[in-house]
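Novice: Before anything else, here's the structure in question.
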Ligand code: FEO
Ligand code: CA
Ligand code: CA
Ligand code: CA
């Protein structure tokens, strides 16, 4: 077991060993419970879940599939609003005898209803870390692939967003592939539309010069899609509705406190495969939102608002906060000679992968800084705009979030096995490993610790992998005393400022998990595995408080050859049951304040 001596606030538990069990494994002394699973009812009268008799209308009243982002907003004493993304669906695990070549309308309608978002009121237990959904609570909501969303910002009404069903270019049906997100300091929820490209067929039908370049740049299928939704609704067919795809790939802002509110797609934050959107307030009171574009060789972005945040104003008091300001993309510059970045991951002579960086402006609400592109074009085709200004091609920027204790920013780069391969970009100091299988974590410091700064310093905190592999780095900590970690995805922080990292796609032979890392003092860099998740699952949405550790277990049973009839996982219900994505709560038993005490 890993050892720790002395004070290690928030991390007073013994890390678990990497696991391959079909279970959530926690440190000794912790209990766990399921908060809610795919198909559990949210509304009074919602039907009980029956996977053999599922329909779209039933699914619209139940918790969706593949929970990813997870956050909690306080509502009243002991009641919180749990905000959850439902990123995508695994049809082969959802439907008996699923025929991928010929999905039925009913299956597609279930998939539409199982995508999207849930807001669920949950009640805490004073004596432990359990959380129970309050079925029928007036704040419970489901948003799906067919719910109504408003559009705001400079691209609202743009010709590029107009369709036959919405000539105004201002009302979109649905949100898709919502991956991670963030809660804002003004009390709203940002959710990130990520791999929206996969839902739209016949990209070859888009022939205007910019539009067709964007089809390629965003990876939109030239012919039919895997899900074949285009057979059931023309808006998923670009030959019929060439602009519908432009209405996805945005950051969406939601007001969970107003159950009648319409969420808004905020176009000034750009359109790409947003992994997340995490907001902080700068020194002058303005909002700053960070967001990574999760693709190999894509970029990190941030938005700085023009107006000041109305801190107690909620959604209505900040109705246009994110509609004026500046969108930037990041360039990272290393301080070591290029020859010392040899692609193996071994440290340069200054013993740090580090350097400085620049935030390059792309546009404001009224001015484009990209020659030849209008503001609307910069926002709808943000990748094409960014390509022209020389940002750094990163190893898949996933979650990026500001540490509330030390105010540094932590970005997970999940992996990039194509780095340095034929025809692809080679290494740089911020992405220093060829064929980067295990990913890394960058720590950034905005100049003057001001989130609105246009320059920053950075260093790599972790080069992930097996600590026995010389091409790994754990913040300088003794690698004999760390947990192996691979493919970092989501990040969060506990109240002590420790970094918590969840993983997606562990390449070390064990299951994904959740890991904690101290960032200061003698234990800086000591990665400690807190939990592991069931077969085929990824760990998402970590949320760590004094009382509890919560995760979303996404896509349990998602392995090659796993099917509804013969799934690779039976979590969480056991026996021969179907795997069900679910939210998990964990707490230190006998304590209402979970992982807080000092380690020895
Ligand atoms: Fe949906 Fe980038 O993970
Ligand atoms: Ca260096
Ligand atoms: Ca993710
Ligand atoms: Ca991921």
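Novice: Please go through (1) free of Cβ contacts under 8 Å to residues at least 40 places away in the same chain; (2) within 30 Å of residue 68 (Cβ to Cβ); (3) in contact with a helix residue (DSSP H, G or I) (Cβ under 8 Å, 6 or more places away or on another chain) for residue 319 and return the number of the only condition it doesn't satisfy.
Specialist: (3)
Novice: Taking the stretch 401-454 only, how many residues are more than 20 Å from residue 485 (Cα to Cα) and not in a loop (DSSP other than H, G, I, E, B)?
Specialist: Matching residues across the stretch 401-454 total 8.
Novice: Still on this model: Hey, can you tell me all the residues within the stretch 342-365 that are closer than 14 Å to residue 459 by Cβ and assigned to a loop (DSSP other than H, G, I, E, B)?
Specialist: Correct list: 347, 348, 350, 351, 352, 353.
Novice: Could you say which residue among 511, 555, 496 is surrounded by fewer than 23 Cβ atoms within 10 Å (Cβ to Cβ) and either within 21 Å of the chain's Cα centre (by Cα) or away from ligand 3 (no atom under 16 Å from the Cβ) (or both)?
Specialist: Criteria check complete, one pass: 496.
Novice: Ok, one more. Search the stretch 126-149 for residues being in a loop (DSSP other than H, G, I, E, B) and within 15 Å of residue 584 (Cβ to Cβ), and hand back the single one that is farthest from the chain's Cα centre (by Cα).
Specialist: 128
Novice: Identify, please: which residue in the stretch 463-490 is under 18 Å from residue 444 (Cβ atoms) and away from ligand 3 (no atom under 16 Å from the Cβ) and is, among those, surrounded by the fewest Cβ atoms within 10 Å (Cβ to Cβ)?
Specialist: Taking the stretch 463-490 and keeping what is under 18 Å from residue 444 (Cβ atoms), we get 463-464, 473, 475-476, 488-490.
After this cut, where a residue has to be away from ligand 3 (no atom under 16 Å from the Cβ) as well, the list is 463, 473, 475-476.
Details: 463: 23, 473: 26, 475: 21, 476: 12.
So the residue we want is 476.
Novice: Hey, another quick one. Within the group 41, 51, 74, 27, which residue is over 20 Å from residue 499 (Cα atoms) and touching a helix residue (DSSP H, G or I) at 6+ places or on another chain (Cβ under 9 Å)?
Specialist: Testing whether each residue is over 20 Å from residue 499 (Cα atoms) and touching a helix residue (DSSP H, G or I) at 6+ places or on another chain (Cβ under 9 Å) leaves just 51.
Novice: Determine which single condition residue 470 fails, assuming it passes every other condition in (1) assigned to a loop (DSSP other than H, G, I, E, B); (2) within 16 Å of ligand 4 (Cβ to nearest atom).
Specialist: (2)
Novice: I need a count of the residues in the stretch 270-319 that are assigned to a loop (DSSP other than H, G, I, E, B), within 16 Å of ligand 4 (Cβ to nearest atom) and closer than 24 Å to residue 150 by Cα.
Specialist: 5
Novice: Answer yes or no: is there a residue in the stretch 482-493 that is over 24 Å from the mean Cα position of the chain (by Cα) and away from ligand 2 (no atom under 16 Å from the Cβ).
Specialist: yes
Novice: Another question, then. Are there any pairs, at least 6 apart or on different chains, whose C-beta atoms fall under 7 Å, with the first in the stretch 571-600 and part of a loop (DSSP other than H, G, I, E, B) and the second at pLDDT below 60, and if so, which?
Specialist: Within 7 Å, the pairs are 599/4.
Novice: Would you kindly identify the strands (runs of 3 or more DSSP E) lying entirely within the stretch 150-263 that contain at least 3 residues that are surrounded by fewer than 23 Cβ atoms within 10 Å (Cβ to Cβ) and free of Cβ contacts under 8 Å to residues at least 40 places away in the same chain?
Specialist: Result: empty, no element qualifies.
Novice: If you take the residues of the stretch 351-363 that are over 30 Å from residue 271 (Cβ atoms) and surrounded by fewer than 23 Cβ atoms within 10 Å (Cβ to Cβ), which of them is farthest from ligand 3 (Cβ to nearest atom)? Talk me through it step by step, then tell me what you get.
Specialist: Just the residues of the stretch 351-363 that are over 30 Å from residue 271 (Cβ atoms), to begin with: 351-354.
In the following step, the residues that additionally are surrounded by fewer than 23 Cβ atoms within 10 Å (Cβ to Cβ) were identified as 351-352, 354.
Numbers: 351: 31, 352: 27, 354: 26 Å.
For the stretch 351-363, the residue satisfying everything is 351.
Novice: Moving to a separate point now. Working carefully through the options 447, 388, find the one that is surrounded by fewer than 24 Cβ atoms within 10 Å (Cβ to Cβ), within 20 Å of residue 519 (Cα to Cα) and without any contact (Cβ under 8 Å) to a residue 60 or more places away in the chain. Full working, then the answer.
Specialist: Working: 388 fails: within 20 Å of residue 519 (Cα to Cα).
After ruling out the rest, the residue left standing is 447.
Novice: If residue 457 passes every condition in (1) part of a loop (DSSP other than H, G, I, E, B); (2) in contact (Cβ under 8 Å) with a residue 40 or more places away in the chain; (3) surrounded by fewer than 23 Cβ atoms within 10 Å (Cβ to Cβ) but one, which one does it miss?
Specialist: The one condition residue 457 does not meet is (1).
Novice: Would you check if there is a residue in the stretch 336-350 being crowded, with 22+ Cβ neighbours inside 10 Å, within 16 Å of ligand 2 (Cβ to nearest atom) and at positive phi?
Specialist: So far as the stretch 336-350 goes, yes, one or more of its residues are crowded, with 22+ Cβ neighbours inside 10 Å, within 16 Å of ligand 2 (Cβ to nearest atom) and at positive phi.
Novice: Something else now. Could you say which residue among 536, 541, 525 is in a loop (DSSP other than H, G, I, E, B), in the same structural domain as residue 59 (by TED's automatic domain parsing), in contact with a strand residue (DSSP E or B) (Cβ under 6 Å, 6 or more places away or on another chain) and in contact (Cβ under 8 Å) with a residue 40 or more places away in the chain?
Specialist: 525
The values are calculated or read from the model by the stated rules, or taken from the named source; none is laboratory data. Since this is a predicted model, take the numbers as computed values, not measurements. A quick note on method: Cβ atoms are made from the backbone with ideal geometry, for glycine too, and the neighbour counts reach across all protein chains shown.
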